[in-house]
Each structure stands twice: as structure tokens, then as C-alpha cells.
1. Can you tell me which residue within the stretch B:534-547, out of those that are within 7 Å of chain A (Cβ to nearest Cβ) and loosely packed, with under 15 Cβ neighbours inside 10 Å, is modelled with the lowest pLDDT?
2. Would you confirm whether any residue within the stretch B:581-594 is under 18 Å from B:VAL278 (Cβ atoms), outside any loop (DSSP other than H, G, I, E, B) and over 26 Å from the mean Cα position of the chain (by Cα)?
3. When you scan the stretch B:574-607, how many residues do you find that are without any contact (Cβ under 8 Å) to a residue 12 or more places away in the chain and either under 30 Å from B:GLY431 (Cα atoms) or within 14 Å of another protein chain (Cβ to nearest Cβ) (or both)?
4. Name the one entry in B:ALA531, B:ALA524 that is within 14 Å of chain A (Cβ to nearest Cβ), part of a helix (DSSP H, G or I), under 40 Å from the mean Cα position of the chain (by Cα) and exposed (fewer than 13 other Cβ atoms within 10 Å of the Cβ).
5. Need the failing condition index for B:ALA505 against (1) farther than 27 Å from A:LEU102 by Cα; (2) within 11 Å of chain A (Cβ to nearest Cβ), just the number.
6. Out of the residues in the stretch A:81-95 that are at the interface with another protein chain (Cβ under 8 Å from one of its Cβ atoms) and crowded, with 23+ Cβ neighbours inside 10 Å, state the one that is nearest to the chain's Cα centre (by Cα).
7. For A:ALA251, work out the one condition from (1) away from chain B (no Cβ under 11 Å); (2) under 17 Å from the mean Cα position of the chain (by Cα) it doesn't fulfil.
8. If A:ALA178 satisfies every condition in (1) assigned to a helix (DSSP H, G or I); (2) within 7 Å of chain B (Cβ to nearest Cβ) but one, which is the exception?
Amino acid sequence: MLLRTLFHLAALLALPPLVVGLVNRTKAVVAGRKGPPLLQAYFDLAKLLRKGAVYSRTTSWVFRAGPVVGLAAIASAGLLLAMGGAPALVSFGGDFVLFAYLLGLARFVTALAALDTGSPFEGMGAAREVTFASLAEPALFLCLLVLARATGTLSLSGMLGPALPGAWGEAAPALVLAAIGLFVVALAENSRIPVDDPNTHLELTMIHEVMVLDHGGPDLAFILYGASLKLFLFGAILSRLVLGHAGGGLASEALFFLGILLFAVGVGLVESVMARFRMVRVPQLLVGASVISAFALVLLLR
Amino acid sequence: MTIALVLGGIALPLASGLAAVALARRPAAAQAAACLLLCAGAALAIAASVAVLLTGEAAVSVRLALRLDAVSAIFLLAISLVSGLGAIYGTRYHSQAEHGAAAVRLQIFYGLAVGGMALLVAASNAIVFLVGWEVMALANFFLVLTEHEKREVQGAAFLYLASTHVGTLALFAVFALLRHAAGSFDFAAMEGVRAGGVLGARVFALALLGFGLKAGLMPLHYWLPPAHAAAPSHVSALMSGVVVKTGIYGILRVTGFFDAPPQWWGVVLLAAGGTSAVLGVAFALAQHDVKRLLAYHTVENVGIIALGAGLALLGRARGAPALVLLGFAGAGLHVVNHAVFKSLLFYGAGVIQHATGTREMDRLGGLARRLPVTAALFTVGAAAISGLPPLNGFASEWLVYLGFLEALRSPAGDLVAFAAVGAPVLALVGGLAAACFAKVVGVVFLGNARTAEAERAHEAPRAMLAPMAVLALACAAIGLAPAALLPPLARAAAAWSRSDPRLLAAPALRAGTSASLVSLVALALLLLAAALWAWRRRHLAAAGRAAPVDTWGCGFTAPTARIQYTSSSFAELLLGRFSWAVRPRGHAVRLEGPFPAAATFHTSVPDPVLDLALVPIARAYGWIASRMRVLYLQRLIQFQMLLILATLVAVLAWGFVW
């Protein structure tokens, strides 16, 4: 048991950059390119961690605290996440509220760090990020409420645990809708197409990327690693939700990581076949996700 | 024994203003003495509240008609903490040596307001309660009027006075009705009144009007932003932090009298709470005066408290102890939490005003370098009010969430519907609050100074920073160890619902276990952040830190402070989602002709209730009244007779019909 927990913790810490590599590889394959190596994100992180840092003279301690607190918040949210076939390290009724709010804390400090530079572009990015995030929040909660209602449990581990197969038997339509809603939220929260384009080069059109323009060296490494960790967290939830956990044996471990792989490929495919939405359309997408999940919840009211 | 402490907690603040008068020749000593008296009273009241909360036994004095039970103790704790720290803050913020008679007046009415509040939460008799209520309400009027030479202050104070009197009128009716049903003005006699029928409905509706006006529940919030913005900052902290809570206390107290409150009470409170929370934060986003913004956030937080209270009422109507416990504990803890972080934020706003002479956020910027301590403390308060872990705002909002989740699990479909609406509403409010405070901290403290005043700002004296530090520590302490607070909150919930404490023990234990795991994750967060910080520090020392450079301007090489995002531009995208309620008005003087005059542009956000409903109605009434006056002035005696006759007929008709 302890060994397994350690394995999950190691996977949580080690795998996230690989997920980013998988997304990029998928995009490259669809576009007919060879693409960067799968492990490119690790190389980038290693390079950045070796570097020194340059700070703008406008910035204060808030700018330095942003990446540190942001990464710490996302990583501690990982403690609440059920991986493989096992429950999470820490699990209690209502833990998904803490999960969502820890991600909120990461966003709050990142936005503050962006505003600390005094750059209008970074202010613009921060404004967009908090706007879209506060619209994504109700959608995320509605999805999780669907899971809680369908499984009759209130912790992330319980919602994605042994009660889930039974819930799929009884309330498959609602869970499908919730999974769709959650996927949209995952795309929005992780600044992916169609909400934000991680590859764009025009600051005016960026959301997340423009907020971290002034970070460099280890700070940028913390931010990039935190972003991949967050992507991994959403992938893990979706993987457990859609594939279940197959009894908790070794098979469930394989199934879980297969799910993450599928998630990465799915994100990559969406990015390949879609353009990003115009900024004014994004709220409509997020409200749409809320409506879908609200409808799923209505299906469960009886 | 405890009741003596309570008595001290009421009497010392009431008398504290006298010291300021008696020693008026030596202003510094006078203010110190008044502050000491008030703090001594606050300390006694805190001791009494803690004793009551720890033992669960009420302190009673039948002869004085005082009774401090666990419900009152929560409120008395918040009142005493905020008022004591506010008095210390006030010694430098509004010093008697500098302001003379105005400071004396302020201290007299500050003491009266605090004493009145302590009296009303400890009262066990409707008459005593109303005496405390009016002392508080009137003292507050004079507190708002501290800078009475300013026109906007006069307007705000008058609006407050009119509103509070409407509320008091409703309260007279509430207690008259209860007296009629119970046969006595004693609260003890009123307990156990049956809620069914017309009486219960009337009492609840009137209580919601009277207490809701004080609490600032939408749409009864209209007086709150101008009044809280007009008062001196430590008075704003008192008003926003605790005076509005007396409205919550009243709603809880009156609904506590009834044995089985009908379900619709809870539903109405949930609806009012949800509306206040969402619209409160939406209007806050639109503000650019930092104190008005904080005042609108009070409306939001009162909404969150009302959500918790509504859940608890719903739980009592349905006989669901877990719902009662979680709803009440969430509401009760948020009462204390909001008092703590809202006072911290208002003190911070006071420091900003003191240092720069303005409350306009768009004229500030970059204050974190000039006021590092204030910036750090304000940021803690901002994160706490946004409900972010590991601070106290998260703990209480999380309890309310747990209440909604409890409803979600119930087999009954309608309770699930409340959860399906309530929890996402709370999530939306949390996201919006975080956005709003990212804007406040970002625009005021971060980036570059936008004006010369912001450039010249200076850090506040220690007497102003120390109270803020205490409050920030309280934010962290409550946020890190919420589990310790659940037993006292469960005692208060039992006292309020008059249910068997054993029924509430099981859900309290479950919530407590979960809360200790929240602490665990919070601890992990802090350790991780500290470790990362330490590693980077060592690494950068080794790798060498480059000299500071200018912010990357994306190729633009001549940036000024004025190209930064302002509070309006930061909120614009979000406000577009709320254009059905929040409609900023722009006032522009454009450049025209070959030699244009200076161009200006400013925006304001009309409050829908005040500016679009009440003011036009009052204008129309004034117009009609002035027409009538003409008739009087023409000495149309017949017309006056006709009016008297019409009134008589109307009164008689009323008598016959009812």
C-alpha cells in the first residue's frame, strides 16, 4: 500500500511534462510535422532551472511569490487526487471544494504577479484569466456535483472510486454530459484551444502566456511545471471518470495511465482541428459547459 | 461571574467617550484613556464570550434582562475584537491632538455604538434590545457625520438615518406582534411561539425588512455603500465588520424563537443571500473608490452568511440536524471571519487614504514599494475575503459548501435543487471575489505609481499597523485550524435551534475531522512554498542575479505609468457579463475645435435601487408635496377640511375591514 502511494506520488511529480509532450506530439503528427522530442518539456525545465533570473525594477516581493505559491498550491491540490486504482493521499467529504480553491489560489497569485510588472499586456492577460476562470468555476462545480449526486459520496476519491461503476449503470447520460462539461473546463483552465492558444506569438491575443512574459529562469520553470501539473490533474480526473478504476489491481493502474494518454491525445486533436474562439465567444463556451452540467444534474433529480 | 464581565463589556465602552471629554485639555492622554477604557471593556467582553462558547452555558442576569448565550457570544466576540482594535487604530488615524472636537465627538459616539451593540446582543428582553439597537443606530449616524462639512457625507448620513428609522419601525412591529403572541417582552417567553399561520409570516417578513435593512441584504443595501465610504476608516470597519452583523443577529434571534419555522423562510433567506452575494460582488467589481468597493463586498459577504442561515433554517424545517449544524456553523464562522478581514481591509484603505489623500484606485499604483507592511497585510486580507486557502474565508465558505453538499445527498428532490443552485452560485461568487481583489491589490499596490501623490506615499505609524497585523494573524490562525472552532459553533447551533446537542454532535465530529484534513493540506501548501522559496533563494545566490531591468514592453520602448491596466479596464470584460444589472455611465468632455478645452472622462455606476428607484420616487413625492403646499399657502381652508375628512374615512374603513 505504502509502495503504491509512493509510486503515485512519484508519477504525479514526474509525469506531467510528458503529458505536455504527448499533446505537442499529437499536434505535430496531425499536422504532418515531426515535432519536438516527447521529453522536450523536461529539457526545457532542466535548462530553466539551471539559469539565473532577471527581475524588472517595477516588481516587488509579490512578483517573486507568484510562481512559488502557485506551484505549491497546484501540487498540494494533487494530494487530493485519486490516481491509479487507489484513493487519494488525503480524502474527506467536500475535498473537491479545497481542490478547486487551491487552483483558484494559484490563479490569484499568478494574476497578482502579472499586475506587479506594470505592463499593460500582462494586466490584460490577468483580466482575461480571472474573467474566464470565474465563469469556469460554476461549470466545474456543477460537474463535480453531478458526480457527487450520482455516486452518493462527497470526496474526490469516493466520487471517482468504487461507487462509480454502479453510477455508470444507473446514470450514464448524466455522467457523459458531466464528462463533456469537465473536458471543456479542463481546456479553459489549462489555457488550451479553443479558449487560449499556448503557441500564439501575438501578446494582444494571449491569456495565460502573456501573464508570465516577465518571468524567467527558475520562476518560469515553476510556472511551466505548475501548468503541466494542472493539466495532469484534470487528465487524471477525466481518466478515472471515463475509464473507471477496474477493481483496484494492477490493471487499474494501466487503465489509469491509458486514460491520461487518451486525454493528452484528445487535447492535441482538439487543438489540431479547431481554431481558438474570438475572445467574446469564450464566455459563451463556458456558460454552455455550465448549462450542459446543470442539465446533467437535472437528470439526476428524482 | 461571567455576567459581570458582560456588564463591564457593555458599560466601559459606553463610558469611554467621557474620558475624551474629561481630559480634553491634554488630547493625547484623553484619547489614550478613552482607548484604554474601550479596550478594557472589549477584553472583558471577549473573556465572557470565550467562556460562554467553551462551556456552552449561558451567562444570565434576570434582573438586568441580560443573557449571553452561545449565539450572542459569537457576535459579541466579533464586536469586541473589531471595536478594540479600531480604537487603537483611531488614536493615530483620527487623533484628538489633530482633530480636536471632531475627535472627541467621534470617540463619544464610537463608544456609544460599541456599547449599544454589546447591549443588544446580550439583551434578553425586547425593550432592552431595542434600546441597544437605537443607541447603536443613532451613534452610527453621528459617526458617519464625522466629516460633516462635506456635502456627500451629509447626504450619506441622512440616507442612513432615514433607512435605519424605517428598519426600527419594522422592528417595533415585530416585537409588538411577538409580545402579543407571547404575553411578555421577555425573549424567554417568546421562545416556542408557533410559526404557522399569519403571525409567523408577518413577524418573519417584518424582521426580514427591519433586520435586512441593517444587514444590507439586497435590495435593502442601498444606504450601505455611501455611508460606509463616507465614515472615517476605523468607523467603516466597525460598520461593515460588525454593525451589519447585528442585522444577521436579529434575523437569527427572531427565527430562533419559533419552534418549527416553515420551509419557505429558509428558501426566502437563501434567495436573498444568493442575490446579495452575486450582485454585491458584481457591483463591487464596478467600483473605483476603494472604500465603496469594500462596502459592496460587505453586501456580498452578508449574502454568504444569509446562505448559511437559510440552509440552517431549511434544516430545522426538515428536521435535518446536519443541515442545521453546517449552515449555522458556516454562517456563524463567516460572521467572525468577515468582521476580521473586512476590518483589516478597511484599516488598509484608511492607510492608503492617509498616505496618498485619495481613495480613487486609478490614481494609485506601486504602493507595495512605499508601504511594504500595509501591502503585505492588505494582500492577506484580500486573499482571505476571496475565500482562498489557507486563510479563514475558505474555512467558513467551505462549511456552507458542506451544507449544500449535505442537501445534495438527501433523497428529496427539492433539497437537491437548492444544492444544485446554491453551490455553483457560491463558486461563482468566489471566482468573482478573487477577480475583484486581484484588481484592488494589483491596481493599488502593484505596478507603477500613476500619480505624484502615490509616488510620495509613506508607511503608516505602528499604532495603525499593529491592529492590522493582529487581524492578519487571526485570518491565518482561523484558516489553519478551523477544526478547533467546530465544537463551540456546534454549541451555538444547538442553542439557536434549541435542539438536542447530541443530535448535532455526529455531523460536527464529521465536519471537524474533515476540517483537520484541510489543515493538513494547508500545512503541506505552506511547507512546499517555503521549500521552493528557500531553494530558489540558494540557487539564485549561486547562479548570480542580474541587475534589475525595465519591464518587457513587447517592443514598446517608451512606457509610462498610465498605460497600465486600470481598475475599470481590468473589470470591463467581467462586467460585460453583468450588463443586465450593472450599467456604468460614462461622462465625457470631448476634444472639439482647433483649440480644444481640457478633455475629461469619468465613469460612475448608479446603484439600481437607490439611483433608479428610490431617488426618482422621492423626487416625485417631493413634487407632489410641493404642489400640495401651494394649496395650503393659498389658505384653502376647505381643502384642508377635505383632507382631514378623507383621512378619517380611510381610518374608519380600515377599522371596519379588519
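The values are calculated or read from the model by the stated rules, or taken from the named source; none is laboratory data. Note that the structure is a prediction, hence the values are computed from the model and not measured. So basically every Cβ, Gly included, is an ideal-geometry build from the backbone, and we count neighbours across all protein chains shown.
1. B:ARG545
2. Within the stretch B:581-594 (the criterion being under 18 Å from B:VAL278 (Cβ atoms), outside any loop (DSSP other than H, G, I, E, B) and over 26 Å from the mean Cα position of the chain (by Cα)), the answer is no, since none of the residues qualifies.
3. Residues meeting the conditions: 4.
4. Checking each option against the conditions leaves just B:ALA531.
5. Unmet for B:ALA505, out of (1) farther than 27 Å from A:LEU102 by Cα; (2) within 11 Å of chain A (Cβ to nearest Cβ): (2).
6. It comes out as A:ASP95.
7. (2)
8. (2)
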